[in-house]
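*Asks:* Dropping a structure here in structure tokens format, bear with me for questions.
The values are calculated or read from the model by the stated rules, or taken from the named source; none is laboratory data. From a predicted model like this one, the values you see are computed outputs, not experimental measurements. Every residue, glycine among them, receives a Cβ derived from its backbone with ideal geometry; neighbour counts consider all protein chains shown.
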Amino acid sequence: MDAARLSLLRELGDRGSVTAVAAALHVSPSAVSQQLAALQAQVAVPLTTKQGRRLVLTSAGQTLAAASTRVEQALVDAREAVSAFLDEPEHPVSVAAFHSAGLALFSPLLRELEGTASVTLVDADVAQDRFPGLTADHDLVIAHRLPHDPEWPIERHVVVPLLVEPLDIALPAAHPLAAQRTITPEQLRDENWVSVHEGFPLAGVLQHIGALAGRAPRIAHRINEFSVAAEVVRAGAAIAVMPRITAASLATDGLVLRPLDGAPLVRHVDALARPEAVARASVRRVLDALRAVARRAQNSVSAD
């Protein structure tokens, strides 16, 4: 039985008429009558009877109205329990992030929270179309996509922008192009590349560079983990596309990052969550901390 219809039966018993119930609930009398009729269709005994021009409860209706009081109390108890759960700041929060975001953001996030929220951190390097699905298992999912890629499914998820991150060319420090402040696409036509695997967001960047350079990129290695790709670049075996903020710590020990001239490359880094997850106070606290950490990371690069 529908709890709202049971409530109408109780209201009818307390208020004495359909008109009075309708006035109290700010609906039309016909709407109240329709809902009562729908409830009656589920019960084998009459719940109401005509008494003059008024509709009143039968004995069965009075019994069911009394039962609806207990139902309403149970619903109130459930709402209070849910409210307490939603407002509970210590409820653990699971945060998943792709590798470079975890490298750049996890440690500052823990320092930002300083024990004010319990978090579980998970690395999840998946193809772009699988990021939304991770929200089934994690409260917050840090995902990335290129500007021309499909946007996240906002009809099913809350999307919170964290970063618009520039993408640079990673070169060994001894490379001739490393001495330049910027690099043109044409200068990259004959290079060997380290690329991520197909289906991952940054794979499309190399195709874009190839289109600008007039030649398809020559991919020598496919490595998703930037710290591993950085070692290949340092060895002088290839060059790569790397994010300026989340891979900043890798631009040391013989590896440099240089922007592409005339064709700025960026990716969007966003937090994805199910609406019911964001309803929890603990998740909102972690999300606020994550936004603060991302804002500082963005500002630090802008200042440079």
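*Asks:* Please find, within segment 161-174, the residue that is surrounded by the fewest Cβ atoms within 10 Å (Cβ to Cβ) out of those that are more than 10 Å from Arg258 (Cα to Cα) and in contact with a strand residue (DSSP E or B) (Cβ under 7 Å, 6 or more places away or on another chain).
*Replies:* Pro161
*Asks:* Follow-up question, since we're still on this one. Looking only at segment 94-117, filter to residues that are of a type in the set (S, T, N, Q) and within 19 Å of Arg280 (Cα to Cα); which one of those is nearest to the chain's Cα centre (by Cα)?
*Replies:* Only one residue fits best here, namely Ser94.
*Asks:* Checking Glu155 against (1) under 16 Å from the mean Cα position of the chain (by Cα); (2) surrounded by 21 or more Cβ atoms within 10 Å (Cβ to Cβ), which test does it fail?
*Replies:* Result: Glu155 fails condition (2) only.
*Asks:* Using beta carbons and a limit of 8 Å, which pairs, at least six apart or on different chains, have the first residue in segment 185-203 and without any contact (Cβ under 8 Å) to a residue 40 or more places away in the chain and under 14 Å from His221 (Cβ atoms) and the second one crowded, with 16+ Cβ neighbours inside 10 Å and among the β-branched types (Val, Ile, Thr)?
*Replies:* Val196/Ile223; Ala203/Val196
*Asks:* Would you please name the residue that is nearest to Ala3 (Cα to Cα), looking only at residues in segment 13-57 that are assigned to a loop (DSSP other than H, G, I, E, B) and among the small types (Gly, Ala, Ser)?
*Replies:* Ranking the qualifying residues of segment 13-57, first place goes to Ala41.
*Asks:* Check Val76, Val71, Val43 and return the single one that is modelled with pLDDT under 90, surrounded by 15 or more Cβ atoms within 10 Å (Cβ to Cβ) and within 30 Å of Gly13 (Cβ to Cβ).
*Replies:* Val71
*Asks:* Here's another thing I want to ask about it. Val241: part of a strand (DSSP E or B), crowded, with 20+ Cβ neighbours inside 10 Å and either in contact with a Pro (Cβ under 9 Å, 6 or more places away or on another chain) or not small (Gly, Ala, Ser) (or both), yes or no?
*Replies:* In short, yes.
*Asks:* Which members of segment 137-152 meet the condition of being over 17 Å from Ala289 (Cβ atoms) and either in contact (Cβ under 8 Å) with a residue 24 or more places away in the chain or buried (at least 19 other Cβ atoms within 10 Å of the Cβ) (or both)?
*Replies:* The answer is Asp137, Ala143, His144, Arg145, Leu146, Pro147, His148, Asp149, Trp152.
*Asks:* Oh, and also: When you look at Ala289, is it modelled with pLDDT of 85 or more and either in contact with an Asp or Glu (Cβ under 6 Å, 6 or more places away or on another chain) or of a type in the set (S, T, N, Q) (or both), yes or no?
*Replies:* It is true that Ala289 is modelled with pLDDT of 85 or more and either in contact with an Asp or Glu (Cβ under 6 Å, 6 or more places away or on another chain) or of a type in the set (S, T, N, Q) (or both).
*Asks:* Follow-up question, since we're still on this one. Quick test for you: out of Leu212, Leu202, pick the one residue that is assigned by TED's automatic domain parsing to the domain that holds Asp129 and buried (at least 18 other Cβ atoms within 10 Å of the Cβ).
*Replies:* Leu202
*Asks:* Within segment 172-182, does at least one residue satisfy the condition of being assigned to a helix (DSSP H, G or I), of a type outside the set (Gly, Ala, Ser) and either over 22 Å from Leu272 (Cβ atoms) or out of contact with any Ser or Thr (no Cβ under 8 Å at 6 or more places or on another chain) (or both)?
*Replies:* Yes, segment 172-182 contains at least one residue that is assigned to a helix (DSSP H, G or I), of a type outside the set (Gly, Ala, Ser) and either over 22 Å from Leu272 (Cβ atoms) or out of contact with any Ser or Thr (no Cβ under 8 Å at 6 or more places or on another chain) (or both).
*Asks:* Can you tell which of Arg70, Arg53, Arg130 is closer than 20 Å to His268 by Cβ and basic (Lys, Arg)?
*Replies:* Arg130
*Asks:* Does Val126 satisfy the condition of being in the same structural domain as Ala216 (by TED's automatic domain parsing), part of a loop (DSSP other than H, G, I, E, B) and either over 16 Å from Pro243 (Cα atoms) or not β-branched (Val, Ile, Thr) (or both)?
*Replies:* Judged against the criteria, Val126 is a match.
*Asks:* Sticking with this structure for a sec: Could you list, in sequence order, all residues of segment 247-282 that are surrounded by 21 or more Cβ atoms within 10 Å (Cβ to Cβ), of a type outside the set (Gly, Ala, Ser) and part of a helix (DSSP H, G or I)?
*Replies:* Listed by number, the list holds a single entry, Leu250.
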